[in-house]
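Below is one structure, written out as structure tokens, with a few remarks after it.
The values are calculated or read from the model by the stated rules, or taken from the named source; none is laboratory data. Please read all numbers here as calculations on a predicted model, not as lab measurements. Cβ coordinates were reconstructed from backbone atoms using ideal geometry, including for glycine residues, and neighbour counts include every protein chain displayed.
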Amino acid sequence: MTTKQKNAHAALIKQVHTSIRYQQYYRNEREQYVEMLMGAFGKDSSVALSVSELIILVNYLNMKCESLPTFTPKQSTPAQVWKIMQIWEAKARDKSDTALLSFCKRIIKKEYESPNKLEFNEAQKVILSLEKMK
């Protein structure tokens with residue numbers, strides 16, 4: 001991030017915390033605030049949002065728009081799943097699906113019934129972790 005972008009980001013964070021809806025409701029209801037951010041952007045903190053996402057959030061919190069967008073996580077691609085399976089077969093001692101799912105749970109802190117159910121960014125984390133394995 002450039003200095004200009006960092007300054008804009010910081011200014012928008014201040015606008016979030018001084019906005020009408022935040023002051024009236026979300027300031028005292030932290031759980032609801034995090035839930036709203038997760039539902040709209042898939043992130044649990046306004047600091048993690050990009051400048052464009054912060055602009056949308058500020059407009060919503062200042063009642064300039066009716067609703068926020070709905071966040072839908074990207075599903076992992078078949079190529080990612082294939083790569084996970086190939087690396088697992090090559091590097092793991094226990095090559096079972098149960099062991100792979102246990103490894104995924106340890107990396108992403110979520111439990112899934114199949115590697116196909118991973119989200120796009122979670123699959124990336126698993127692939128990176130598998131590539132670092134000896």
Out of Ile56, Ile20, sole residue that is surrounded by 14 or more Cβ atoms within 10 Å (Cβ to Cβ) and either on the phi < 0 side of the Ramachandran plot or touching a helix residue (DSSP H, G or I) at 6+ places or on another chain (Cβ under 8 Å) (or both) | Ile56
Do you know which residues across region 41-73 are under 11 Å from the mean Cα position of the chain (by Cα) and in the same structural domain as Asn7 (by TED's automatic domain parsing)?
-> Phe41, Gly42, Lys43, Asp44, Ser45, Ala48, Leu49
How many residues does region 11-49 contain that are among the hydrophobic types (A, V, I, L, M, F, W, C) and touching a Ser or Thr at 6+ places or on another chain (Cβ under 8 Å)?
-> 5
The lone condition Val34 fails out of (1) under 30 Å from Glu131 (Cβ atoms); (2) not assigned by TED's automatic domain parsing to the domain that holds Lys125 is (1)
Which of the residues spanning region 23-34 are under 22 Å from the mean Cα position of the chain (by Cα) and either crowded, with 17+ Cβ neighbours inside 10 Å or part of a helix (DSSP H, G or I) (or both)?
-> Tyr26, Arg30, Glu31, Gln32, Tyr33, Val34
The number of residues in region 13-60 that are within 18 Å of Pro73 (Cα to Cα) and aromatic (Phe, Trp, Tyr) is 1
Of all the residues that make up region 72-96, how many are closer than 28 Å to Gly42 by Cα and of a type outside the set (A, V, I, L, M, F, W, C)?
-> 9
